[in-house]
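To start, the structure under review is shown below, and the notes come after it.
The values are calculated or read from the model by the stated rules, or taken from the named source; none is laboratory data. Note that this is a predicted model, so its numbers are computed, not measured. We place every Cβ from the backbone using ideal geometry, glycine too, and count neighbours over all the protein chains shown.
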């Protein structure tokens, strides 16, 4: 029996492309259009996808990606998706740098209970410098400090999630006993950044605790993931890179005493598909043409603390930037700098390429299915997070045309495994730390 | 034409009574049972209720009201109710003492957008001392300071809600213009407690901004309400008290330069109804008998910073408590002390009465309808928040038996006014402060 591939899909309004809203395939207001989110989610569930995933950001200005300017907050959106779905996982992004662990523990546990055990938390530390200004802070914590805070934050949240043993609530109307006092646990956490007593005022769901997702690709980020994450989103442009990341995360997890099969690796997959190469190329060009060079420079600047790239000659070599971008999306900016240098790219080339990268998964339906199978068969991935440029035709085509090929080849199963997100991902129930 | 009465309903799991979960009328796990919340909400919407209202608390211990030990977080629950409803308002409680205004502004605006303009925020300052221990704070801010923080918090949230003028988002695919830069506004708030730049990353809903609800009955609380609230929950045991509060809030609002018709006053209404007096009394006794004296003492203690009342003789006069309870539910504890003294009550009498007060709205269906009409006709209320002891038969009976009487007498209209919560409550669209 072949290993099965699993899919999640990134819900970011009109799609992952910076000008996705301009595509004729989607509503221009998709980022605040609940019908759009419902449609994509229900189609994903009908196709047996393991989860939807909501990205987030805590700072905007007039240079932000258009559909980031106005979008739903992840946890309230996942709340809305809970009652209209029955099997698909609901994963939301929340920053450990700008949130209260007690509140986040409650909100995620609430989604987990409302959905019968289908919640997941994508733990981020917030890359954008400007976030501090929206949270009464003088300074955005630097990269390394953010991960120290994240370690404590997560320890608190997971500790609070175990406040009640699974059989703590008796609720016997006849005897009047509502709960067993011995199965309620205070956390009494005292760390450098947080001091939290507990107990949490909500019980555990059928999966024990929400899943932990993580996407940080820096050394600090992947170390954090290998210690804490049940699932990791990665970025890989080739199978070789995917294999290296896959092996590294599993090795680090094993080094931390974990079962490496309990850290699931999901590279992103940007499908650019069509019935033949001509259609694929035409579709790619159509996306690329949604962007002007001015927009591409602003988009690039977003990774570099909103650095103003219009000051340079766009057709000269990519400029020297020194430390700019070091405290933000570090792994992305390092990669951009490296690639520009290696390939002697101009600023124009870098900027235009960055808005619309040629995906590793670009080809006919059969070719893309082949690639997926190749990655799965060769330890490149456990599954993929779809990040379609446009949450329109590419998404629908992937489900309608590529998924059936994977099913026919025995690599994909549309039905769900069990009732919870942990069941579906092949992860064990999360035992309560206090159970003897 | 007679003035119409409006209703909201308090969703607290099995009901408002401390031992509501024991009633045969409700699921014992109602506080974490999404089906229960859906059923009550859909029935309320079918009956034309103006809003559901979710209460909250940020601290529990083993003496808390049983169904408070494990319950849904309000904003994620309201998210879940948004897609399954189409007209009813969605009001949630969030504390200004323990939340980040940027996050709260986003989450409420998100619910407001997802529901097409039906969100409301019940602004509370958190009465429970223990809350501090769940939020890394050494000390719970005292009553007056909490209201100073609340003033700033609300100013920030409402400022962020105006970040985008209503026509800021153009989203013209042909021209590529997504928004009008001149209609985006930074807040740049700098106060004593908060320093928030903005803009918020979500646009305004069809009602402009979520409604502000407030329930504080202390002088600081009602002053806050008269400055800021669109709707106020009050507690009144008699029409005379209701009239005094009604007149006072409207007068204070007028003194603040507001139109007194734009502050809606909703006393709570605990229906204890039946077909005749015998059934009403039997139903009241059934609720009262859900509680033991030990439970009643613990319940009473909750209002007094979890003071241990078991140390006193329960049949001696109510004890002198000095300052205990002053920094918590102040208006409630003052009232309890006053009533005990005036009526020479024993501790047992106070405790048992407190768990199951005889409601002002106790009687046959016709009698309760008469009372409602009397309060509406005599400037005692604009509407009521139903707080049934049990969210079971009393609730269903009120809708099935009392509402038709009010309709027949011309005092209630089941249809909704307009699409938004502001429309329904007769409040004007909230204009954006930056519009010239």
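For segment A:302-338, filtering for residues that are under 19 Å from residue A:60 (Cα atoms) and free of Cβ contacts under 8 Å to residues at least 12 places away in the same chain leaves 1.
Taking the listed residues B:115, B:110, B:97, B:144, the one that is in the same structural domain as residue B:190 (by TED's automatic domain parsing), closer than 26 Å to residue B:263 by Cα and at pLDDT below 95 is B:144, with no other qualifying.
When every residue of segment A:51-60 is checked against the conditions, none turns out to be over 16 Å from the mean Cα position of the chain (by Cα), surrounded by fewer than 20 Cβ atoms within 10 Å (Cβ to Cβ) and outside any helix (DSSP H, G or I). The residues of segment B:87-98 that are at the interface with another protein chain (Cβ under 10 Å from one of its Cβ atoms) and farther than 19 Å from residue B:225 by Cβ amount to a single one, B:98. When the residues of segment B:160-173 are filtered to those that are touching a residue at least 40 places away in the same chain (Cβ under 8 Å) and not in a loop (DSSP other than H, G, I, E, B), the one that is farthest from residue B:123 (Cα to Cα) is B:164. Residues that are touching a helix residue (DSSP H, G or I) at 6+ places or on another chain (Cβ under 6 Å), within 14 Å of chain B (Cβ to nearest Cβ) and closer than 20 Å to residue A:399 by Cβ within segment A:33-51 comprise A:36, A:41, listed in sequence order. The residues of segment B:175-224 that are in a loop (DSSP other than H, G, I, E, B), modelled with pLDDT under 95 and more than 8 Å from every other protein chain (Cβ to nearest Cβ), listed by number, are B:175, B:215, B:216, B:217, B:218. Is it true that residue B:300 is assigned to a helix (DSSP H, G or I) and within 25 Å of the chain's Cα centre (by Cα)? So residue B:300 passes the test. The set of residues in segment B:303-317 that are crowded, with 19+ Cβ neighbours inside 10 Å and not in a loop (DSSP other than H, G, I, E, B) comprises B:303, B:309. For residue A:145, the conditions (1) touching a residue at least 12 places away in the same chain (Cβ under 8 Å); (2) more than 8 Å from chain B (Cβ to nearest Cβ); (3) not in a loop (DSSP other than H, G, I, E, B) all hold with the exception of (1). Here the condition is being in contact with a strand residue (DSSP E or B) (Cβ under 8 Å, 6 or more places away or on another chain), at pLDDT 95 or above and surrounded by fewer than 24 Cβ atoms within 10 Å (Cβ to Cβ); of B:90, B:154, B:78, it holds for B:154 alone. Only one residue in A:116, A:130 is surrounded by fewer than 22 Cβ atoms within 10 Å (Cβ to Cβ) and either on the phi > 0 side of the Ramachandran plot or assigned to a strand (DSSP E or B) (or both). Which one? Only one candidate qualifies: A:116.
The condition of being in a helix (DSSP H, G or I) and either more than 10 Å from chain A (Cβ to nearest Cβ) or under 14 Å from the mean Cα position of the chain (by Cα) (or both) holds for only one of B:108, B:75, that being B:75. Where helices (runs of 4 or more DSSP H) fall entirely within segment B:318-436, those with at least 2 residues that are modelled with pLDDT under 95 and buried (at least 17 other Cβ atoms within 10 Å of the Cβ) are at B:330-342, B:347-355, B:393-397.
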